[in-house]
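Report on one structure; see the data block that follows.
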Amino acid sequence: MPVEFLTPEQRSRYGCYVGEPSPEQLAFYFHLDDRDRRLLEPRRHAHTRLGFALQLCTVRFLGTFLSDPTDVPHNVVVTLASQLNIADWTILSRYREGEMRYDHVHEIMAEYGYQDFASQPEHFRFLRWLYTCAWWSEERLTVLFDLAMAHLIDRKVLLPGVSVLERAISSVREHVSRRLWQVLAAIPTAPQRALLETLLEVPPGERQTPLDRLRRGPTRVSGPALVSALHRIEAIRLFEMEHLDLSFVPRGRLKALARHATTALVQHLRHLAADRRIATLLAFTSTYLAVVHDDALDLFDVLMRTAFSAATREGQQERLRTIHDLDAAAQTLAQACQIVLDETQDPVTLLERIYTRVPAEHLRAAVTTVGELTRPPDDTYTQELPGRYLMMRRFLPTFWRTLEFESTPGGRPTLQAVQFLQWIEGRSRTLMQRAPRAVIPRSWQRHVSDRDEV
């Protein structure tokens, strides 16, 4: 853990003015209220009143006193001088050279309740607050530094030297990390610890460690790739870490450890201290199960959308190939319908006139063609989906065997259908009359088999 983590620029901006305060900041931090004016009233000299006001507002704004109390932006001097009705600002040089400014520091601290950083019990409270922040969040050290500054200013604790605050934050973060590693490493049993260690060992006859294989997600969209993604789920479940109670550990800390396991070199992980190594591998196996689940489901979603898109494309192409036959049949039926719709015709001779214009065999062929080539308005090219069945059978057995599903009340029909498919998987003969049909929409009803057994 680095002790000095601030950049030179950040260190130079610590505990001093950086540019001129905004109008809002001037109104909030540099306004002299009745209490301030009562404290300033006994000061006889203008330079004393202005210097005292500068020190008071500076500690209120920065959380610390300046070694040179007059080293402030121009608009700060103007704001305070106008409130004190002081026109000559050059008198500040007398205040800078005087010794009374040190007495004013102690007077301001006593009157407004400011404390030194090392004073107790405030120092203990700060370390306890810092420990809590470091335990429950995975903030960067620089973010913790800014939060610590804001906390000290809010508690009216004078900011220490920049190195002192840096060392305190680094020390607390290191202590939190070590405690986290010790707590997590004590959770697995001895056999589970040994099993976790195998993640970093290359099995005989192979070239990669199990960790390398598990943290590599699918890169192709195919049935075999989905099967491999499902095998990743089964492999992580073998460690039996998903049932461990880790609710007392902040989720962000677990994710940070798991993220380190997914990015660090295996050689680096091997050389970690025992507690840290076990904690890192435990965090990986307990949190990465959700990741591999998401990978598998995302890949399944892409495969199904690809199957539906291909079926739709084939259906559209088939319609384009048969559009000429459909047009010819429609024209034949249109000729017959024109005769039927002619109200001047004698109903007795209607059929004879139709067959005279359109031969009976042509009319029957046209009706057959229209029946075969037309589709219902809500058709989604489901007729082409059975052609994708072989592709789906490459992963469906593993898919149903590996994943467990739950649902909200609104998704209960879908869940029942999924559970039925899981139940019939691998059975040679199944009574399909038991299949739940509430999940089947109206547009799909005509594609459902009416036979009791399949």
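The values are calculated or read from the model by the stated rules, or taken from the named source; none is laboratory data. Just so we're clear, the structure is a prediction, and the values are computed from it rather than from any experiment. Don't worry about glycine lacking a Cβ; one is built from the backbone with ideal geometry, like all the others, and counts go over all protein chains shown.
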Could you list all residues from the stretch 183-194 that are in contact with a helix residue (DSSP H, G or I) (Cβ under 9 Å, 6 or more places away or on another chain) and closer than 20 Å to residue 267 by Cα? 185, 193
Name the single residue that is farthest from residue 293 (Cα to Cα) among those in the stretch 403-424 being surrounded by 14 or more Cβ atoms within 10 Å (Cβ to Cβ) and of a type in the set (Val, Ile, Thr). 424
Show the residue pairs meeting these rules: Cβ distance below 8 Å; 6+ apart or different chains; first residue within the stretch 309-326 and at negative phi; second residue outside any helix (DSSP H, G or I) and hydroxyl-bearing (Ser, Thr, Tyr). 311/381; 312/380; 312/381; 314/381; 315/381; 316/381; 326/374
Across the stretch 76-128, what is the total count of residues that are part of a loop (DSSP other than H, G, I, E, B), among the small types (Gly, Ala, Ser) and more than 52 Å from the chain's Cα centre (by Cα)? 2
The lone exception for residue 219 - which of (1) surrounded by 15 or more Cβ atoms within 10 Å (Cβ to Cβ); (2) under 25 Å from residue 303 (Cβ atoms) it fails: (1)
Pairs where the first residue, in the stretch 130-151, is β-branched (Val, Ile, Thr) and the second is buried (at least 17 other Cβ atoms within 10 Å of the Cβ), C-beta under 6 Å, 6+ apart: none
Which of the helices (runs of 4 or more DSSP H) found entirely inside the stretch 260-366 contain at least 3 residues meeting this: under 49 Å from the mean Cα position of the chain (by Cα)? 266-270, 274-340
Residue in the stretch 45-63 that is under 30 Å from residue 145 (Cα atoms), surrounded by 13 or more Cβ atoms within 10 Å (Cβ to Cβ), in contact with a Leu (Cβ under 8 Å, 6 or more places away or on another chain) and of a type in the set (Val, Ile, Thr) present: yes
Looking only at residues in the stretch 222-250 that are of a type in the set (D, E, K, R) and outside any helix (DSSP H, G or I), which one is farthest from residue 298 (Cα to Cα)? 245
Log entry, pairs with first residue in the stretch 403-425 being touching a residue at least 60 places away in the same chain (Cβ under 8 Å), second being part of a helix (DSSP H, G or I) and of a type in the set (Gly, Ala, Ser), beta carbons closer than 8 Å, six or more apart or on different chains, reads 403/296
Can residue 70 be described as among the β-branched types (Val, Ile, Thr), outside any helix (DSSP H, G or I) and more than 13 Å from residue 108 (Cβ to Cβ)? yes
If you check 43, 13, which single one turns out to be under 38 Å from the mean Cα position of the chain (by Cα) and over 17 Å from residue 76 (Cα atoms)? 13
Return the pair list, or none, for Cβ contacts closer than 8 Å from residues in the stretch 21-46 that are in the same structural domain as residue 73 (by TED's automatic domain parsing) to residues that are polar (S, T, N, Q) and modelled with pLDDT under 95, at least 6 apart or on different chains. 21/75; 26/75; 26/79; 30/79; 31/83; 32/83
If we keep only residues of the stretch 1-11 that are in contact with a helix residue (DSSP H, G or I) (Cβ under 9 Å, 6 or more places away or on another chain) and exposed (fewer than 15 other Cβ atoms within 10 Å of the Cβ), then the residue farthest from residue 161 (Cα to Cα) is 1
I'd like to know if the stretch 48-61 contains one or more residues that are outside the structural domain of residue 150 (by TED's automatic domain parsing) and part of a loop (DSSP other than H, G, I, E, B). no
Looking at 148, 168 in this structure, which one is within 30 Å of residue 33 (Cα to Cα) and either at pLDDT below 90 or buried (at least 17 other Cβ atoms within 10 Å of the Cβ) (or both)? 148
